[in-house]
Every structure is written in structure tokens, then in C-alpha cells.
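Taken together, the values in this text are just the output of simple stated rules run on the coordinates, not laboratory data. Keep in mind it's a predicted model, so treat the numbers as computed, not measured. Neighbour counts are summed over all protein chains in view; Cβ atoms, including those assigned to glycine, are modelled from backbone coordinates with ideal geometry.
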């Protein structure tokens with residue numbers, strides 16, 4: 001069965017420092033991987049996705065993510081964190097053989113960037 | 001202005017009442033989805049629809065019902081059979097293809113009094 005794990009409930013980082021939010025996945029075939037961000041009482045906003053090709057994917061607001069097939073990971077990164085990056089981040093996966101277009105979401109990681 | 005709208009933003013319900021949450025999109029997307037979000041549990045899929053007049057149960061469909069009579073609209077009814085309906089409900093849509101991301105509405109917070 002498909003699954004996504006975000007092992008950290010919260011990540012704390014100082015403004016200006018690099019940040020990493022971790023995500024690992026389990027699928028039966030090849031995955032499509034997504035990162036979303038959610039601000040309080042709002043819907044999710046799409047950040048980036050990995051479909052195929054280059055393992056390093058660049059997305060919105062300076063975020064990037066690296067697909068690592070051997071480690072089944074898709075960690076979200078940013079070279080220099082901003083206080084405004086503080087939010088809830090979700091990793092999601094779609095198993096390519098699954099034709100329903102459903103996404104499986106992780107439980108979310110709260111990012112707190114302190115000034 | 002293209003996007004997904006959900007209404008109302010806040011909804012209060014007495015126990016035993018059915019309520020309907022609205023979701024409308026003008027993105028011309030074929031697929032639409034309803035998720036429930038509870039603290040610390042991420043998003044769980046309630047129902048999804050890949051095309052008009054067709055919908056499928058997700059992981060937690062019990063106590064919920066949907067309809068998809070128009071491409072633009074995918075209303076969710078929370079029935080009195082749903083034992084713990086207090087949650088944040090999110091609607092999403094996507095192009096009917098595997099590579100495309102889902103676009104989310106702003107959500108409806110339902111509270112049962």
C-alpha cells in the first residue's frame with residue numbers, strides 16, 4: 001500500500017539558516033511526489049513536484065526538493081529560511097499504476113523560523 | 001479570477017442535522033476531491049470524482065455523501081450518521097491526468113455544537 005511518512009512533527013530553524021523538511025514514501029511502482037504548504041486556516045498551496053528527470057526539483061518561494069530513489073525520500077529544502085516560511089508543510093505521493101489520481105498525504109511538519 | 005471557492009468559511013451544526021458544504025471551481029478541471037483535516041493527522045480523502053456523474057468513496061466516506069451533476073460543482077453533505085464531524089474540510093480539483101497537482105480551496109471549518 002502507498003504511504004508517506006514525515007518523521008518530524010516540527011522543525012525549528014533560525015532565519016537565514018538552511019532548512020530541511022523530511023519525507024519518505026512507499027509505493028508499489030514509480031512515484032509522483034508533491035510538496036504543499038498550508039498557512040493557518042487556509043487551503044494548501046502547491047510548492048513543487050517530481051515526475052521524472054532531474055532529481056533536484058525547484059519550486060515556488062525558493063524551495064527545492066531532492067528525489068532519492070534508493071532512500072525513497074523526497075526532502076524539501078531551502079538555502080536561507082525566512083520568518084514568513086513558518087507554516088505547515090505536507091508531502092504527498094501518487095503511485096503511478098494507480099489510475100484514480102488520488103494523493104496520499106503525510107501527517108505534516110510544522111516549520112517554525114525564528115527571527 | 002480562476003480558482004476554487006468553498007462556502008461557508010465557518011459552519012456550525014447541531015447534532016442530528018445534515019449540512020452541505022459547497023465547492024465550486026472555474027478551472028475546467030475534470031477531477032474533484034474532498035478531504036478532511038484533523039490536527040496531527042494530515043489530510044484524509046472522503047470522496048473523489050474523476051468526471052461528471054461519477055464519484056468514488058475515499059478512505060473515510062462513512063457518514064458523508066456527494067453529488068457531481070456539473071463539472072464545476074462538487075458539494076459534500078455531512079450527515080447525522082457521521083459520528084465526529086467537527087473538522088476542517090478541504091475541496092480540491094485537478095486536471096484528469098496523473099502528473100498534475102491538485103489545487104485546493106480555502107476550506108470550511110465545521111463545528112458540531
Roughly how many Å is it from the Cα centre of segment A:49-74 to that of segment A:5-32, as a whole number? 11 Å
Taking a quarter of the surface of the convex hull around the Cα atoms of the protein assembly as shown, what do you get in nm²? 12.6 nm²
With the cut-off at 16 Å, report for chain A the share of all Cα pairs above it, as a whole percent. 57 percent
Residue of B:24, B:101, B:62 that the Gaussian network model of chain B assigns the largest fluctuation, springs spanning Cα pairs under 10 Å: B:101
Can you tell me the convex hull volume per residue for segment A:22-83, based on C-alpha atoms, in Å³ to the nearest whole number? 104 Å³
Note on segment B:21-70: contact order normalised by length, alpha-carbon pairs under 8 Å, 6 or more apart, percent, works out to 27 percent
Given an 8 Å cut-off on Cα distances and at least 6 residues of separation, report the relative contact order of segment A:26-115 as a percent. 29 percent
Binning at 10 angstrom from zero up to the longest distance, how are the C-alpha pair distances of segment B:12-113 distributed in percent? 16, 51, 28, 5, 0
Cα centroid of segment B:74-104 to Cα centroid of segment B:30-45, whole Å: 6 Å
Over every pair of different alpha-carbon atoms in segment B:57-99, take the mean of 1/r and invert it; report that Kirkwood radius in Å. 12.3 Å
Ranking of B:4, B:46 by count of other Cβ atoms within 10 Å, fewest first: B:4, B:46
Using only alpha carbon pairs under 8 Å that are at least six residues apart, calculate the relative contact order of segment B:59-99 and give it in whole percent. 32 percent
